[in-house]
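Take a look at the structure set out below.
Derivation of every value follows stated rules applied to the coordinates shown; laboratory data play no part. Because the structure is predicted, anything quoted here is derived from the model rather than measured. Ideal geometry is used to build each Cβ from the backbone, glycine not excepted, and the neighbour counts take in all protein chains shown.
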Amino acid sequence: MILVTGATGTVGREVVRRLPAGLRVRILARDPAKVTGVPSAVETVAGDYEDPRSLARAVAGVRTAFLVTTRVAGDDDSRFVRAARTAGVQRLVKLSAAAVLDRQADDLITRWQRAGEELLRASGMEWTLLRPRAFMSNSLAWAASVRSERTVRALYGTSANACVHPGDVAEVAVRALTEEGHAGRAYTLTGPQALTAVGQTQQLGRLLGVRLHFEELSPGQARAGLARRYPAPVVEALLESAERQRAGAKAQVEDTVRTVTGRPAGSFRGWAVDHLEAFAPIAQGRGTAADAGPG
């Protein structure tokens, strides 16, 4: 039995979709009603990291689990690891982040990710760590302004990030969940090139056949925008992360996707083609592009 957490998220839903048919798969979700489009044979159970009984039910009979946690600075990782170890789970594959390798990174989010990795290493179970750079799908945050104003707004538009296709992260996760040879490995996952927000804007404009404008946010504007979605400590951590990117800390390209899967990492252009409908100007968008899914 394979357990997938985070199955309504960017990577988790792709993991479920890519797992080979015939495997026993269970999904843990706070709200099972939000789990859609999965094969009928996949079992979905309700549960929450803060509910030990629901965790015990979710991990019962599980051999391998994909672990995604999102509550920054919370203890969800430790709760899950404790339940998994008690239930006899043999292997954990955890979604972490590439920033853990940056010695200059000491923000709240990175410290939390490092602590989560250490929990797996000390768990006594087999473990594999996935350390992606930013997801290409993060650009969906620009979709509304692209559709209505043909404008992208972002902080530090000429700073580069070797962003990764979420599908590639999911494919590596599936390999680690279903194959031998990945125990004790930590995989840094990037796309095939480092891209700037300005460069992504240009690519989107060419694909849409329109001229897009890039507007650089000031740190104050970025802080105000982030504060509408995140608690203040997380906002500051994200701004620290942006400063490291500005200094070049996130531009290194790795060939790990090819090493693990046997094929090159997907490009931003390829991701954008598959999600172009999300960005298409309202007057042009109906029925003109491919998949409008969140990636």
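Nearest 10 degrees, 0 to 90: what angle lies between the long axis of helix 76-87 and the longest principal axis of the chain (Cα atoms)?
30 degrees
Roughly what % of DSSP beta bridges within the chain run antiparallel, to the nearest 5?
About 5 percent, rounded to the nearest 5.
At LEU101 and ARG263, where each label point lies 7 Å from the Cα along Cα→Cβ, what is the point-to-point distance in nanometres?
2.3 nm
Can you give the FRET efficiency for ALA115 and ALA33, using 1/(1 + (r/R0)^6), R0 = 22 Å, r = Cβ-Cβ distance, to the nearest 0.05?
The calculated FRET efficiency here is 0.10.
Relative contact order (percent) for the stretch 3-159, with alpha-carbon contacts under 8 angstrom and 6 or more residues of separation?
The value is 17 percent.
Loop only per DSSP, at most 11 neighbouring Cβ atoms within 10 Å: give me the GluC sites (Glu not before Pro) in the stretch 158-224, ordered by residue number.
GLU179, GLU180
Expected output is a single nm value to one decimal: the length gained when fully extending between SER78 and ALA56, i.e. 0.36 nm times separation in residues minus the C-alpha distance. What is it?
6.6 nm
To the nearest 0.05, what FRET efficiency results for GLN90 and ALA21 with a Förster distance of 22 Å applied to their C-beta separation?
After rounding, the FRET efficiency stands at 0.50.
Could you give the angle, 0 to 90 degrees to the nearest 10, between helix 197-208's Cα long axis and the longest principal axis of the Cα atoms of the chain?
Between the helix axis and the principal axis of the chain, the angle is about 80 degrees.
Quick one: compute the contact order of the stretch 1-62, relative version, from alpha carbon pairs under 8 angstrom and 6+ residues apart, as a percent.
That works out to 32 percent.
Nearest 10 degrees, 0 to 90: what angle lies between the long axis of helix 232-246 and the longest principal axis of the chain (Cα atoms)?
60 degrees
Using 0.36 nm times the number of residues separating ALA247 and ARG229, minus their current alpha carbon distance, what extension gain do you get?
Extra length available between ALA247 and ARG229 comes to 4.0 nm.
From zero up to wherever the largest Cα-Cα distance of the chain sits, split into 10 Å bins and tell me the percent of pairs in each.
Pair shares across the bins are 6, 26, 35, 24, 8, 0.
Are there any GluC sites (Glu not before Pro) in the stretch 1-94 that are in a DSSP loop and have at most 15 other Cβ atoms within 10 Å? List them by number.
Within the stretch 1-94, the qualifying GluC sites (Glu not before Pro) (loop, at most 15 other Cβ atoms within 10 Å) are GLU50.
When ranked by the protection proxy of mean other Cβ atoms within 10 Å per residue, highest first, what sequence do the peptides 94-105, 148-159 form?
Ranked from most to least packed, the peptides come out as 94-105, 148-159.
Could you work out [θ]222 nm for the chain from helices alone, using -39500 (n - 2.57) per DSSP H run of at least four and dividing by all its residues? Round to the nearest 500 deg cm²/dmol.
For the chain, the value works out to -11000 deg cm²/dmol.
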